[in-house]
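Novice: Sharing a structure with you now.
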Amino acid sequence: MKRDSSIRPTASALLSRLVDGEALVLLPAVSVAAFWLGGEVALLTLAIAAPVAFALIGWGKRVRRASIPSAGLTGFATETQLVENLDTVLNDVAVHGGTTACFVVVFDDLEMLADRHGRLALDRVLMRTGERLGVSLRAGDVVARLPSHGFAISFAPIRRFDLENAVQMAARLQSSVSAPLPVDDMTVHPSVSVGFCLADRAPALLGASLLDAARCAADEALRNGPCAIRAYQPEMSRRRADRAELRAGLEAALDCGQIRPWFQPQLSTDTGEVSGFEALARWHHPERGIIAPSEFLPLVEDTGLSERLGEVILYGALSALTRWDNAGHRIARVSVNFSASELRNPHLPYKLKWELDRFSLTPDRLTIEVLETVVARSDDDVIVTNLAQLAKLGCGIDLDDFGTGQASIVNIRRFAVRRIKVDRCFVMRCDTDPDQKRMVAAILSLCEQLGLSTVAEGIETPGEHATVAQLGCDHVQGFGIARPMAVEETFGWIARHEAGRQGAIRFGQLR
Ligand code: C2E
Ligand code: CA
Ligand code: CA
């Protein structure tokens, strides 16, 4: 719903109007009335009291404003000061016309900055970024540093500030902070996303509401980043409330078995046999149905529940392996995805060994999937040591989404990787697009040289399946073979797949 951009005056706005000196136009009339009613004494009292009163009120107001650091000056306002300033500006524009806005600027990858450069460097980057923001603003604008490591900006009254101006301003702020920043002996390339709310779009004409709406837009921008810009829309508040509800139910969902793994098969290209299953988390929500990991994994990270999710998925994966064994299916291994924070747990090898022993399974039956971005970024000794110990124990280590994260060959070796998962972005259309085919061929030949096994992800068509097999890829996985399914469905699927495979072998023998 679009609202009128003019802002209605309130009682406090009228007071502010008087304080701002507009009452001076009434002074001659008041003086004449005072003289008529109270004679010379009343006139004299008014003549002394009026300037004193205006001076005191005006001074008080100036003191309140001056205590908030303005853009371009050193130091930042606090969140409370920014909200106060927004309230004042909203009152001003209600009286004098014009409008304002609140912007929130957030770093696209704060954790990566901290991981790579350390907390001290991060603090310096934040400081310099805030200063750069200040330089690109006008004197009356206010920059506040938020506890979440972002920045919020309140704008001094401005005659016109529409969506187009605001997007241009956001882009200007982004480019003002994106110049390379020398920190110690390294260069940091800060990248930020920006959310904003124009005064006439705020849920309520209050500073706190304007800041909250800009924050909501910044969260949305961050989810769509890097370098995204989003204007506040009321649907964003609804989506945030939905997420808050999901977050509140997350721990209970993990405890009561609503979150469990589904399984997607992997086939050997040599024999066509099922060589393994990848465990993929699903939330069986009582009202919303099946929720995909993209929707709840960020909440899991935010709420510090990664370890709990890991335990639930690992337990589900090892139970499934035992059930396949008991049903007489020969499934060599199950693969489980591990996040960077889980891999940073120094007790991880011990925990995995304990779980494997509990199910009487040998370590070679479990493969740990690690994202290429984790391997590429991390100099984290705990992750390196954990993976080395797990590899030594006999677990497989798969490098997930290969080709998207720029891992060096040195890191592939350091992280004891055994198998590469060629990302779907290379596999798609590799049967019809020669460039794609060349990329897949290059990756496979690199892996062969390094003695690494391979699996192609996201196989959707028989053409893609045949092409990667012909190029020498060892395993395949994708919707073209089967979508992820609940463990109960895997038994029927395996039986049908085996029956089809035996039929194909017999057919091949007859020919
Ligand atoms: P991933 O590990 O790369 O998993 C493959 C994703 O691609 C899965 O999405 C799968 O359903 C999807 N996929 C498989 N074949 C095809 C295909 O042919 N075409 C297309 N378009 N997609 C295909 P899903 O299950 O939504 O998982 C998304 C991501 O969430 C996973 O990507 C993984 O990074 C993460 N994830 C899933 N489960 C867990 C978990 O238990 N723990 C952690 N840490 N991450 C998980
Ligand atoms: Ca994976
Ligand atoms: Ca993947």
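The values are calculated or read from the model by the stated rules, or taken from the named source; none is laboratory data. Everything numeric in this text was worked out from a predicted model, so none of it was measured. Cβ coordinates were reconstructed from backbone atoms using ideal geometry, including for glycine residues, and neighbour counts include every protein chain displayed. Accessible surface is based on the protein model in full, side chains and every heavy atom, while ligands, DNA and RNA are left aside. Shrake-Rupley method; radii C 1.70, N 1.55, O 1.52, S 1.80 Å.
Novice: State in Å² the accessible area per residue of the chain; use a 1.4 Å probe, count heavy atoms of protein chains only, and round to the nearest integer. Display every interim value, and only then the final one.
Specialist: Details: 25810 Å² over 511 residues.
Accessible surface, normalised per residue, equals 51 Å².
Novice: Take the Cα atoms of segment 363-511, build their convex hull, and give its volume per residue in Å³.
Specialist: 137
Novice: What accessible surface, in Å², does a 1.4 Å probe find on residue 191, ignoring ligands, DNA and RNA and rounding to the nearest 10?
Specialist: For residue 191, solvent-accessible area is about 40 Å².
Novice: Rank by packing, highest mean first: peptides 148-158, 124-134, with packing defined as the count of other Cβ atoms within 10 Å averaged across residues.
Specialist: Numbers: 148-158: 22.6, 124-134: 18.9.
Top to bottom by mean Cβ count within 10 Å: 148-158, 124-134.
Novice: Can you pull a Stokes-Einstein diffusion coefficient for segment 79-232 at 20 °C (1.002 mPa s), Rh from Kirkwood over Cα pairs, as a whole number of µm²/s? Mind dumping the intermediate values first?
Specialist: Values: Rh = 15.5 Å.
Approximately 138 µm²/s, per Stokes-Einstein.
Novice: State the antiparallel share, in %, of DSSP beta bridges confined to the chain, rounding to the nearest 5.
Specialist: Restricted to the chain, the bridges split so that about 55 percent are antiparallel.
Novice: Within segment 314-343, name every residue whose backbone N is under 20 Å away from a label modeled 7 Å from Cα of residue 255 along the Cβ vector.
Specialist: 314-316
Novice: First compute the accessible area of the chain with a 1.4 Å probe, then give the percent of it belonging to carbon and sulfur atoms.
Specialist: After summing per-atom areas, the C and S share lands at 57 percent.
Novice: Given the convex hull of the Cα atoms of segment 257-503, what is a quarter of its surface area in nm²?
Specialist: Convex hull of Cα atoms, orientation-averaged projection: 13.4 nm².
Novice: Percent relative contact order of segment 378-451, based on C-alpha pairs within less than 8 angstrom and at least six residues apart?
Specialist: About 25 percent, as a whole number.
Novice: Which part of segment 461-486 falls in the paramagnetic zone of residue 505, meaning amide N under 20 Å from the point 7 Å along Cα-to-beta-carbon?
Specialist: Flagged as within label range: 474-476.
Novice: Can I ask one more? Mind grabbing the base-10 log of I(q)/I(0) for segment 261-349 at q = 0.15, 0.22, 0.23 Å⁻¹? Debye formula, identical points on the C-alpha positions, no solvent, two decimal places.
Specialist: -0.67, -1.11, -1.16
Novice: In nm, give the distance between the simple-model label positions of residue 162 and residue 185, each being 7 Å from the Cα along the Cα-to-Cβ direction.
Specialist: The two pseudo-label positions are separated by 5.4 nm.
Novice: Report the dimensions of the chain along its three principal axes from the alpha-carbon atoms, largest first, rounded to Å.
Specialist: 124, 52, 47
Novice: Further question: Divide by every residue of the chain the summed helix terms, -39500 (n - 2.57) for each DSSP H run of at least 4, and state the resulting mean residue ellipticity at 222 nm, rounded to the nearest 500 deg cm²/dmol.
Specialist: Estimated from H runs of four or more residues: -17500 deg cm²/dmol.
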